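Trainee: Handing you this structure, nothing more for now.
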Amino acid sequence: MVPRVVFGRGCFNQLSEILMPKRKSTEAPFIFLVDDFFEGTDLIKRIPATFNDKIIFISAEEEPKTEQVDSLVSKIKEDYLELPSGIVGIGGGTLLDLAKAVSLLATNKGKAEDYQGWDLIKRPALYHVGIPTISGTGAEVSRTAVLLGPEKKLGLNSDFTTFDQVVLDPDLVRTVPKDQWFYTGMDCYIHCVESLQGTYLNAFSQSYGEKAFDLCKEVFLEDIPLEESEDKLVMASWHGGMSIAYSQVGVAHAMSYGLSYVLGTKHGIGNCIVFNQLEEYYPEGVRLFKQMKQKHGIELPTGLCKDLPQSDLETMAQISLSLEPLWENALGKNWRELVNQEKLISIYKKL
């Protein structure tokens, strides 16, 4: 679990006092990985960068990649005599996962792609802090850093991945465009559906999943004040991420990984596009999702896969089927008898 978290409007201003005791020396910088959406904004002036700390702006237009992590780690090691005091990620799931991955690869030899899987990381990461500026991914609390690699999209799943400190400031989510707010919020909602209907479910993950599910229904189906909605979605993301950390996701995530690998579709919208076609697996969850979509006037892209060559569809299906824990959670230990490449291709063709 994340050992330390602060929550509240304006708590971003506590970052200086949070980081100061963790500074190893004036030569060991803090590296701030920040979504380039914030370049030139007042938020940057509030980042407590001192001594030889560095702010690196990164585009979240594409999913984070293993080679991107390797490049950042190499640059940091070239530029500084000492390893950084810590890595701070400020942004959505892309920036948070990059911060986690960079902190891991700074202390573990080899390339990021070597650690795509479960419990392959052997050494503790650098101190790392997550500050979400969009709510829903659960990346701020999860034990994975999901990366696109040369052969697959898969997380660096380990006990060392989890952030040492998280700063939850609902003020920071105010700038999110409506479509993105919906897609990322639905990532949280889909986490809940997949966790609560999964075979890995236990009382611990269920308690978090049920709370996140109720919060999502309030935010996306009821008419509540803006600030209350922001606060509740920040906490829904946290609880949804906690539920997944102690269970697993399911069909929508497995299939969206394949979509992302071949087409580069971003995670939130990819989950929505897939989930929209999964009545067979999550009938009640999809019914509510369509209500939410209608209430907020969201139109999902269509025809994504209709002109794809068979080889691309097969790659999508193979990537998806390789995520065995997700399928076992969704369908049970005999999942291979219930789903195959042909079945998945038939669903991809509907997207």
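Trainee: State the extension gain, in nm to one decimal, for the chain segment bounded by Phe7 and Asp179, taking 0.36 nm per residue of separation less the distance between their alpha-carbons.
Mentor: The span from Phe7 to Asp179 would gain 59.4 nm if fully extended.
Trainee: Let me ask you something else. Starting from the Cα of Thr50, step 7 Å along the direction of its Cβ; do the same at Glu227; then give the gap between the two resulting points in nm.
Mentor: Going from the Thr50 label point to the Glu227 one covers 3.1 nm.
Trainee: To the nearest 20 debye, what charge dipole does the range 188-299 have about its Cα centre, counting +1 at the Cβ of each Lys and Arg and -1 at the Cβ of each Asp and Glu? Before the final figure, lay out each step's value.
Mentor: Numbers: 8 positive and 14 negative charges, 72 e Å.
The calculated dipole for the range 188-299 is roughly 340 debye.
Trainee: Distance cut-off 25 Å, Cα to Cα: go down the list Lys290/Lys343; Lys122/Lys266; Lys100/Lys293; Lys45/Lys100; Lys54/Lys266; Lys65/Lys295 and report the pairs above it.
Mentor: Beyond 25 Å between Cα atoms: Lys122/Lys266; Lys100/Lys293; Lys54/Lys266; Lys65/Lys295.
Trainee: Also, I was wondering about something else. Classify the range 277-347: rounded, prolate or oblate, from the alpha-carbon gyration tensor (a ≥ b ≥ c, eigenvalue square roots; a/c under 1.5 rounded; otherwise prolate if a/b is larger than b/c)?
Mentor: On the way: a/c = 2.77, a/b = 1.27, b/c = 2.18.
Judged from the Cα gyration tensor, the range 277-347 comes out oblate (a/c at least 1.5, b/c at or above a/b).
Trainee: Say the dipole of the range 5-63 comes from +1 at the beta carbon of Lys and Arg and -1 at that of Asp and Glu; which of Leu43, Ile31, Gly8 then lies farthest toward its positive end?
Mentor: Ranked along the dipole, the leading option is Gly8.
Trainee: Would you mind getting me the FRET efficiency between Asp312 and Lys111? Use the beta-carbon distance for r and R0 = 30 Å, nearest 0.05.
Mentor: After rounding, the FRET efficiency stands at 0.70.
Trainee: Report the Cα centroid-to-centroid distance between the range 33-55 and the range 106-122 in angstrom, as an integer.
Mentor: 28
Trainee: While we're here: In deg cm²/dmol and to the nearest 500, what is the mean residue ellipticity at 222 nm of the chain if only DSSP H runs of at least 4 residues count, each as -39500 (n - 2.57), divided by the residue total?
Mentor: On the way: 13 runs with 157 residues, N = 351.
Helix-only estimate at 222 nm: -14000 deg cm²/dmol.
Trainee: Additional query: Dipole of the range 255-351 (Lys/Arg Cβ +1, Asp/Glu Cβ -1, origin at the Cα centre): which of Gln318, Ile269, Phe289 lies farthest to the positive side?
Mentor: Phe289
Trainee: Could you pull out every residue, at least 5 positions away or on a different chain, whose amide H is within less than 5 Å of the one on Val88? Hs are placed 1.01 Å off N in the peptide plane, and Pro or chain starts have none.
Mentor: Those lying under 5 Å, H to H, from Val88 are Ile31, Phe32, Leu33, Val129.
Trainee: If I compute solvent accessible area with a 1.4 Å probe over the protein chains, what percent of it on the chain is carbon and sulfur?
Mentor: Here carbon and sulfur together make up 49 percent of the probe-accessible area.
Trainee: So how do 293-304, 137-148, 185-196 stack up, highest first, on mean other-Cβ count within 10 Å? If you can, show how the numbers build up before the last one.
Mentor: Values: 293-304: 12.3, 137-148: 25.6, 185-196: 27.8.
The most tightly packed comes first, giving 185-196, 137-148, 293-304.
Trainee: Just to be sure I understand: of the beta bridges DSSP finds with both ends in the chain, what percent are antiparallel, rounded to 5?
Mentor: 10
Trainee: Hey, another quick one. So what is the relative contact order for the range 79-176, in percent, with contacts set as C-alpha pairs under 8 Å and at least six apart? Don't skip to the end; give the middle numbers.
Mentor: Details: 198 pairs, mean separation 30.8, N = 98.
Relative contact order here is 31 percent.
Trainee: Tell me, what is the per residue accessible area of the range 75-210 in Å², probe radius 1.4 Å?
Mentor: 34
Trainee: Once you have a ≥ b ≥ c as the square roots of the Cα gyration tensor eigenvalues for the range 189-330, tell me rounded if a/c is under 1.5, and otherwise prolate or oblate according to whether a/b is larger than b/c.
Mentor: The shape class here is oblate.
The values are calculated or read from the model by the stated rules, or taken from the named source; none is laboratory data. Quantities reported herein were computed from a predicted structural model and do not represent experimental measurements. Neighbour counts run over all protein chains shown; Cβ positions are idealised from the backbone, glycine included. Side chains included, ligands, DNA and RNA excluded: accessible areas come from the protein's heavy atoms. Shrake-Rupley method; radii C 1.70, N 1.55, O 1.52, S 1.80 Å.
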